[in-house]
Amino acid sequence: MGEFIHSVILNKDLCMGCINCIKRCPTEAIRVRDGKAHIIAERCIDCGECIRICPHHAKQPSYDPLSVLENYAYTIALPPPSFYAQFNNLEEPDLILAALLDFGFDEVYEVAQAAELVSDATRHVLQTEQVQKPVISSACPAVTRLIRVRYPDLINHVLPILAPVEYAARIARQEAMNKTGLPAEKIGCIFLTPCPAKVTAFRAPIGSKKSEVDAAVAVKEIYPRLLGYMKKRQTAENIGRAGRIGLGWAESGGESAGLISTDSYLAADGIENVIRVLEDLEDEKYSDLDFVELDACAGGCVGGVLQVENPYIAKAKLKKLRRYMPVSKNHLENHIPHNMLWDSDLEYAPVMELGETRAESFSMYTRLEEIRDSLPGLDCGSCGAPTCEALAEDIVRGNADIDDCVVLMRQRMEAVLKALGKDAEKNAKDAAQAQNPLPL
């Protein structure tokens, strides 16, 4: 399947070989071998769960340093809706936007602006029934990649519209080119990312052949730098261009609520809950729904692993911030712009398939079942695989051996010791009898 680009990396020097990560990975993309974790590149969706759960910080996010601003003649900050919820005592977004300009950005384009336009486009799709219902949001790249590798039957349900950050970058770059006269390559669109999945989304885009986002800086990296600039400013001019709908995208359910035209929707957050919903969708349990919003991070984007604030406190801050905002400041005309639509189809990535042909897959799966049935079924993870079935799969693929099962190995050793014990006891009795023969 070619080279896989990821924003979740492993620092083997910090890895202690514990099995916390293998139990939480939604695509079973991690194994522990020879005392160290190993990430299976083709399965990883960069959801960041392993970063969140690793007690030794061996799983780490990859993102761009703040020095990336020096690579461009003109830089545009793309703050996400969740960014505003990271700051205390914030009355309006203008102070943050002004601080970004003071920090060194030449322009700021709020992703919340593009989110309101995407909400408009989604309403149009639902009304015209251009996509098979229930329509699944494509805003969370981790969920889109999860569908791509695990739920191929749901691909036709995914909304073929760019995520707000990507559309924001397209608009911002064009506006900057018109304003400055600079060529596209000298303008840097820098996203302030809340999670590693969104970093991967521009490094290896799905739905577009080329991303307009040039770099992604972690929220936790720029946050402390902005505090000083915000303290220097008491006020800021009215530069915010997003409303309640745009900022609502920061939390789970915000995208759905912004549709307004329908209340037949479902919103779920947290990767384990997302998987349950996707499995139910695959079983056609929610056929009467219009829209499904899924966020890999608990709480939505406010729960990203690159944020600084507790997601529940962030949601409370967001609620206060949105209170007196207009509903929306951005609207589409009567049609969806062509540059908002995907320019490449979402295709199934058969990384979970056992064989290259149906016959080969059937044969390998039959063997997998036989091996799985011979295993204890404890799913203890001691073998380095998350479940007994995963170990059986690894064995079938030639990546593991049945002796990797610690439980089976222990049972064999106990059987051998028991047999040796019986032999020793018999030999001792025979020796005693030979030394003290019974009288005639």
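Measuring against 21 Å, Cα to Cα, the residue pairs 23/59; 59/317; 23/315; 133/285; 36/220; 198/220 contain 59/317; 23/315; 36/220 as the ones spanning a longer distance. With the simple model of a label 7 Å out from the Cα in the direction of the Cβ, residue 358 to residue 312 spans 5.1 nm. Close amide-amide hydrogen proximity is noted between residue 75 and 106, 107, 188, each under 5 Å apart and 5 or more residues distant or on a separate chain (H modeled in the peptide plane; Pro and chain starts excluded). Restricting the calculation to alpha carbons of the chain gives Rg and Dmax of 27.3, 118 angstrom.
In terms of packing, defined here as the mean over residues of other Cβ atoms within 10 angstrom, the peptides 134-141, 257-264 line up highest first as 134-141, 257-264. Across segment 73-81, computed HN-Hα scalar couplings (Karplus, 6.51 cos²θ - 1.76 cosθ + 1.60, θ = phi - 60°) run 6, 9, 10, 10, 7, 10, x, x, x Hz from first to last residue, x flagging Gly and Pro.
With a Förster radius of 60 Å, plug the Cβ-Cβ distance of residue 397 and residue 238 into 1/(1 + (r/R0)^6) and report the FRET value to the nearest 0.05. It comes to 0.50. Given only helices, namely DSSP H runs of n ≥ 4 each adding -39500 (n - 2.57), what is the per-residue ellipticity at 222 nm of the chain, to the nearest 500 deg cm²/dmol? Result for the chain, helices only: -12500 deg cm²/dmol. Applied to segment 184-190, the Karplus parametrisation 6.51 cos²θ - 1.76 cosθ + 1.60 on θ = phi - 60° returns per-residue 3J(HN,Hα) values of 4, 6, 8, 10, x, 9, 10 Hz, with x for Gly and Pro. Peptide packing: for 247-253, 215-221, the average count of neighbouring Cβ atoms within 10 Å per residue gives the ranking 247-253, 215-221, highest mean first.
Reported to the nearest whole Å, the Cα centre-to-centre distance from segment 339-414 to segment 103-128 is 41. Here the relative contact order of the chain, from alpha carbon pairs under 8 Å that lie six or more residues apart, stands at 20 percent. The 3J(HN,Hα) values that the Karplus relation (6.51, -1.76, 1.60; θ = phi - 60°) gives for segment 263-271 are, in residue order, 10, 8, 9, 10, 10, 9, 9, x, 4 Hz. Gly and Pro appear as x.
Working from Cα pairs under 8 Å separated by at least six residues, relative contact order for segment 8-61 is 46 percent. Spacing of the modelled spin labels on residue 184 and residue 264, each 7 Å from Cα toward Cβ, amounts to 3.9 nm.
Using the Cβ-Cβ distance between residue 420 and residue 60 with R0 set to 45 Å, the FRET efficiency from 1/(1 + (r/R0)^6) comes to roughly 0.40. One Cα centroid belongs to segment 134-150, the other to segment 60-86; the line between them spans 24 Å.
Cα centroids of segment 242-277 and segment 195-224: 21 Å apart. For the peptides 298-305, 22-29, 73-80, 325-332, the ranking by mean Cβ contacts within 10 Å, running from highest to lowest, is 298-305, 73-80, 22-29, 325-332.
Between the residues 321, 194, 128, the greatest Cα displacement towards the positive end of the dipole of the chain, with unit charges on the Cβ of Lys, Arg, Asp and Glu, is found for 321. Checking the a/c ratio against 1.5 first, then a/b against b/c, what shape does the Cα gyration tensor give for segment 1-101? Note, shape of segment 1-101 comes out prolate.
The numbers here are math on the coordinates, done by the rules we state, and not lab data. Predicted model, so just to flag it, every value in this text is computed and none were measured. Counting neighbours? That spans all protein chains shown, and the Cβs are built from the backbone with ideal geometry, glycine included.
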